[in-house]
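Engineer: Please read through the structure below; I'll follow up with questions.
The values are calculated or read from the model by the stated rules, or taken from the named source; none is laboratory data. Since we're looking at a predicted model, the values are computed, not measured. With ideal geometry, Cβ positions are generated from the backbone for all residues, glycine too; neighbour counts draw on all protein chains shown. The protein model used for the area step is the full one, side chains on, heavy atoms only, and it has no ligands, DNA or RNA in it. Shrake-Rupley method; radii C 1.70, N 1.55, O 1.52, S 1.80 Å.
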Amino acid sequence: MSFVPNDHQQLSLFDSLGFLSQRKRRMLENSWAETFSSHIFTHIDEHIFAPLYSEKTNSRPNAPINVIVGALILKEFTGMTDDEIRESCEFDFRFQYALHTTSFEEQPISDRTFSRFRERCEAYELTTGEDLIHQCIVSLSEEIRQYMGISKNIRRMDSMMIEANIRKMGRLELLYTCISSLVKRIQKDGSLDLPAVFNHYAEANDRNRVVYHDSDLPQAKRLQTVISDAAQLLPLCKEDYEQTKEYQLLERALNEQTKDDGKGGRTPKGKGEMNSSVLQNPSDPDATYRVKAGKAHRGYAANLTESVNENGSVVTDYQYDVNTRSDRSFLLEALDQMESSKETSAVITDGSYSGADVLEKAAEKNIGILTTSLTGRKLRKDYEQFRFSEDGTEVLACPEGKKPKRSNYNPGTRRIRVSFYKEQCENCPRRSECHPVLKVRTAVLILPSGYSRTVQEQKERRTEEEVWKLIGRIRNGIETVPSIIRNKYRVDHMPVRGKLRTKQFFSFKVAALNFTKLILHERNQEFCRTFLPE
């Protein structure tokens, strides 16, 4: 299939648009379809997706990319399914007008158009690491930002947890499901005869019996039986099935959930012996586990960057990854993509994004990082009199002006270990405030990472309290974005699994959110209250 851009948007002589009455035409121009047609569809860059298709011109041309991308944005905007948006494009004139297909005798969307397009994008990202959908959505966001007159000088950032579309599984059910999938695959192929002990794994109601209803055997014994069966099955089919998904999932689950007992067998690992990246459900091998704010999450995390001023706000960039990713690493990656400018800009975040490495990288691009809340223990005012080096990695003197014997910065833990001579601290009047640990010859004090920066921030906030209150109000505005994406666009109920596939759906949800903001802007309803005069 060859790539052909959809450049011919001229209306035909018999275009149905010309047969509308003035009343209907006026209603159409006042609807969302006019906004989408003028400001979204015309700015979809089809050439971004050219690598998905053949360079040969003598093969069948592709379906119009701008129509596919536009329809997928409208799909999220309206909350429809693939089939529903396809039917709407066939029979609803507003969708045809928005996608510039009113002159088409047949709409260029079939029942497999969307799924094939997503499959091509996924395969391309797996091969090259480039997310073409992300490039397209960010490009559209930039067009919206410029049209709405929103400056890039003030950006705010927040992250959100996204639940995978999977069921919570216990260890017994997880291992049983992996064994059952592999046994069914082997029996379907018919290329390998398994021992009779594995036959029950292919039976329809066996899972419920083993996992839930077999109360005659303790669960620990049932688990050990399943573990032993898994350890026995893998060597039997390794030669023929090692490259299959079913074999690899069972091998992964067995290695993550069990350990060698030293007697040639395997036993379950303890809870403290497993990390957050262990397999949660075979249906979604990419999903990871994380506890945040006392709530368990299985799935992914997204980081949203929003530009804002008095004209409103728009999500100009986003990141999507497993939920074990820290907010600070999201910000570091975002800083790598940001361009440096002569005019100083600001990124407003909460305290989870803070870090000395973040400030250093941001300073290189003339960007200020403003954290509205600081994580960790509240600092004592008496500690503010410690003197630090310019990079904040060395303590030069204590509040009494005494120079330390040694000051060591550990980049791994991001802490400073300061040692003074024992006689310097033993009779010091501030000893009860600093709480040094007295040893045989020295007194040791450990300060947390970013200590000097945190002290300076607290000083500034006490002297510029009203400014920091304004910054806090600006930052609070982005808290609504995860809520809208979760409740309106149902991000926790995506009909696909896997990091790349769910990221595609999330991308179009972000585009739909920005389109909603654009519609409100056209109706003079989009603004940021924080910047309005009281």
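Engineer: Among 315, 511, 59, which residue has its Cα positioned farthest towards the positive end of the charge dipole of the chain, with +1 placed on the Cβ of Lys and Arg, -1 on the Cβ of Asp and Glu, and the dipole taken about the Cα centre?
Structural biologist: The listed residue farthest towards the positive side: 315.
Engineer: For a quick check: with amide H placed at 1.01 Å from N, whose amide H comes under 5 Å from residue 394's, ignoring anything fewer than 5 positions away on the same chain?
Structural biologist: 389
Engineer: Would you list the P(r) distribution for region 1-74, with all Cα-Cα distances sorted into 5 Å bins from 0 and each bin expressed as a whole %?
Structural biologist: In whole percents, the pair-distance histogram is 3, 14, 18, 20, 18, 13, 8, 5, 2, 0.
Engineer: Do you know the relative contact order of region 278-409, to the nearest whole percent, from alpha carbon pairs under 8 angstrom that are 6+ apart?
Structural biologist: Worked out over region 278-409, it gives 13 percent.
Engineer: Run the accessible area of the chain with a 1.4 Å probe and give the carbon-and-sulfur part as a rounded percent.
Structural biologist: Carbon plus sulfur share of accessible area: 47 percent.
Engineer: Given a 1.4 angstrom probe, what's the average accessible area per residue across the chain, in square angstrom?
Structural biologist: 53
Engineer: Take every Cα pair under 8 Å in region 1-82 that's 6+ residues apart, average their separations, divide by the length, and report that relative contact order as a whole percent.
Structural biologist: 54
Engineer: Tell me the label-point distance for the pair residue 273, residue 322, using the 7 Å Cα-to-Cβ offset, in nm and rounded to one decimal.
Structural biologist: Those two pseudo-labels are separated by 2.0 nm.
Engineer: Additional query: Work out the FRET efficiency for residue 167 and residue 130 from their Cβ-Cβ distance, taking R0 = 51 Å, and round it to the nearest 0.05.
Structural biologist: After rounding to 0.05, the efficiency reads 0.95.
Engineer: Where the convex hull is taken over the Cα atoms of region 225-298, what is its projected area averaged over directions, in nm²?
Structural biologist: If I average the Cα hull's projected area over directions, I get 5.9 nm².
Engineer: Percentage of Cα-Cα pair distances in region 261-312 greater than 17 Å, rounded to whole percent?
Structural biologist: Percentage above 17 Å: 61.
Engineer: For residue 188 paired with residue 209, estimate the spin-label separation in nm (one decimal), with each label point 7 Å from Cα along the Cα-to-Cβ line.
Structural biologist: Using points 7 Å along Cα→Cβ, the separation is 2.2 nm.
Engineer: Right, another one. What do you get for trypsin sites (Lys or Arg not before Pro) in region 272-363 restricted to DSSP loop and a cutoff of at most 12 other Cβ within 10 Å of the site's Cβ?
Structural biologist: 342
Engineer: With a sphere of radius 14 Å drawn around the Cβ of residue 46, what net charge do the other residues whose Cβ falls strictly inside it have (Lys, Arg +1; Asp, Glu -1)?
Structural biologist: -1
Engineer: Could you tell me which of the pairs 152/517; 361/509; 365/499; 292/509; 292/503; 168/245 are separated by over 26 angstrom between their Cα atoms in the structure shown?
Structural biologist: In this structure, 361/509; 365/499 lie more than 26 Å apart at Cα.
Engineer: Regarding region 95-227, what whole-number volume in Å³ per residue does the convex hull of its Cα atoms give?
Structural biologist: About 264 Å³ per residue, rounded to a whole number.
Engineer: For n ≥ 4 DSSP H runs only, could you compute -39500 (n - 2.57) per run for the chain, divide by its residues and tell me the 222 nm figure to the nearest 500?
Structural biologist: Taking each H run of at least 4 residues, the total per residue is -13000 deg cm²/dmol.
Engineer: Further, regarding this structure: May I ask you to derive the FRET efficiency for residue 142 and residue 261 from their Cβ-Cβ distance with R0 = 41 Å, giving the value to the nearest 0.05?
Structural biologist: Efficiency, from the Cβ-Cβ distance: 0.10.
Engineer: Given bins 20 angstrom wide, list per bin the percent of all Cα-Cα distances in the chain, short to long.
Structural biologist: 17, 39, 33, 11, 1
Engineer: Given the Cα atoms of region 1-149, and with Rh set as the inverse mean 1/r over their pairs in the Kirkwood sense, what is Rg to Rh to two decimals?
Structural biologist: Rounded to two decimals, Rg/Rh equals 0.97.
Engineer: Applying 1/(1 + (r/R0)^6) with R0 = 45 Å to the Cβ-Cβ distance of residue 492 and residue 430, what FRET efficiency is obtained, to the nearest 0.05?
Structural biologist: After rounding, the FRET efficiency stands at 0.30.
Engineer: Here is a further query. If I model a spin label at residue 43 and residue 525 as a point 7 Å from the Cα along the Cα→Cβ vector, what separation in nanometres do I get?
Structural biologist: Rounded to a tenth, the inter-label distance reads 2.0 nm.
Engineer: Helix by helix, which DSSP H runs in the chain go 15 Å or more along their axis at the Cα atoms and have an average Kyte-Doolittle hydropathy of -1.0 or more?
Structural biologist: For the chain, where a helix must reach 15 Å along its axis and average at least -1.0, the hits are 65-78, 113-128, 132-148, 171-189, 219-241, 327-337, 465-476, 499-522.
Engineer: Please give the contour-minus-distance gain from residue 80 to residue 239: 0.36 nm per residue of separation, less the Cα-Cα distance, rounded to one decimal in nm.
Structural biologist: 52.7 nm
Engineer: Another one. On full extension of the chain, what length is gained from residue 15 through residue 58, given 0.36 nm per residue of separation minus the C-alpha to C-alpha distance?
Structural biologist: Net length gain for the segment: 12.6 nm.
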